[in-house]
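Beneath this line is the structure, given in structure tokens, with notes to follow.
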Amino acid sequence: MKGIRKVYDREVLRVDNLALRKGQIYGVIGPSGAGKSTFLRIINLLTSPDSGSILIHGKEVPRNGAERLALQRRMSMVFQKTLLFRDTVWNNVAYGLRARGFDRTEIGRRVRELLEQVGMTDLSLQRADTLSGGEAQRVAIARAVAFEPELLLLDEPTANLDPCNIEMIENMVVKLNSSKSITVVVVTHNIFQAHRIAREVIFINQGNIVEMGETEQIFSAPREELTRAYVEGRMIY
């Protein structure tokens, strides 16, 4: 991301120069309204910046057209509010694979494997709109990674979930990253979660990237006083 600016009624995001590396897990932290979700949507190419450029593998992403769409199809995003089809758990997870033309054997193998990973095998034929919040979020993540995207974007994936579901989702994300080399960017208000699963942390405040670094450095020896105040739980205005 180079020279990125996004303005609504005010400037909500400013990124002068930032690079994400393949195969990493990035935790994005910061107070409410800091610009974290806008940051994620710009990476996902759902929102276009007002200025600046995004480069993937050194090539600038076009503003529109088939090439941009092809890049979007190499990514997946899971929102805080779970959005599932009014269909079975199985068909929700299988949807992206069918849309991409995978054969039935491979679809079956991947769906079974993922449902086992998220502890949903016994509920595979249950309608998704009857699931609990934690169960639904696990299905949403399974659906998002079924086709093995290069980049997985998570916006508060465990907000308001119980500790058991949080642990299961975190373990799944770490396993996917290590076994499939999927790059993960997770926005979270839970700084402990960022500490547990991220290898690098990006701290955003008032639309600006205050600091980015290895997780242990951010939490134990941040360079910026604003970062220290946030990770120590002191109020930021």
Give the Rg (one decimal place) followed by the Dmax (whole number) of the chain, computed from C-alpha coordinates and expressed in Å.
-> 18.1, 54
Determine the shape class of the stretch 1-63: with a ≥ b ≥ c the square roots of the Cα gyration tensor eigenvalues, call it rounded for a/c under 1.5, and otherwise prolate if a/b is greater than b/c, oblate otherwise.
-> oblate
Hand me the tally of lysine pairs in the chain: alpha carbons under 25 angstrom apart, and the pair either on different chains or 8 or more positions apart.
-> 16
For the residue pair Asn171 and Arg112, what label-to-label distance in nm results when each label sits 7 Å from Cα along the Cα-to-beta-carbon direction?
-> 2.2 nm
Under 16 Å from a label point 7 Å along Cα→Cβ of Asp50: give me every residue in the stretch 1-21 with its amide N that close.
-> 3-16
Once the principal axes of the Cα atoms of the stretch 137-197 are found, what is the range along each, listed largest first in whole angstroms?
-> 27, 22, 17
Residue by residue through the stretch 100-110, which ³J(HN,Hα) values in whole Hz follow from phi under the Karplus form 6.51 cos²θ - 1.76 cosθ + 1.60 (θ = phi - 60°), with glycine and proline marked x?
-> 9, x, 5, 6, 4, 5, 5, 4, x, 4, 5
By how many nm would the segment from Asp122 to Arg86 lengthen if fully extended, with 0.36 nm per residue of separation less the alpha-carbon distance?
-> 11.2 nm
Stretch Ser132-Thr105 to full length: gain in nm at 0.36 nm per residue minus the Cα-Cα span?
-> 6.8 nm
Tell me, what is the percent relative contact order of the chain, built from C-alpha pairs under 8 Å that lie six or more residues apart?
-> 29 percent
The stretch 138-237: trypsin sites (Lys or Arg not before Pro) in DSSP coil with no more than 13 other Cβ atoms inside 10 Å | Arg223, Arg234
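Values quoted throughout were computed directly from the atomic coordinates according to the rules given, and no laboratory measurement underlies them. All values reported here derive from a predicted model rather than from experimental measurement. Cβ atoms come from the backbone with ideal geometry, glycine included; neighbour counts cover every protein chain shown.
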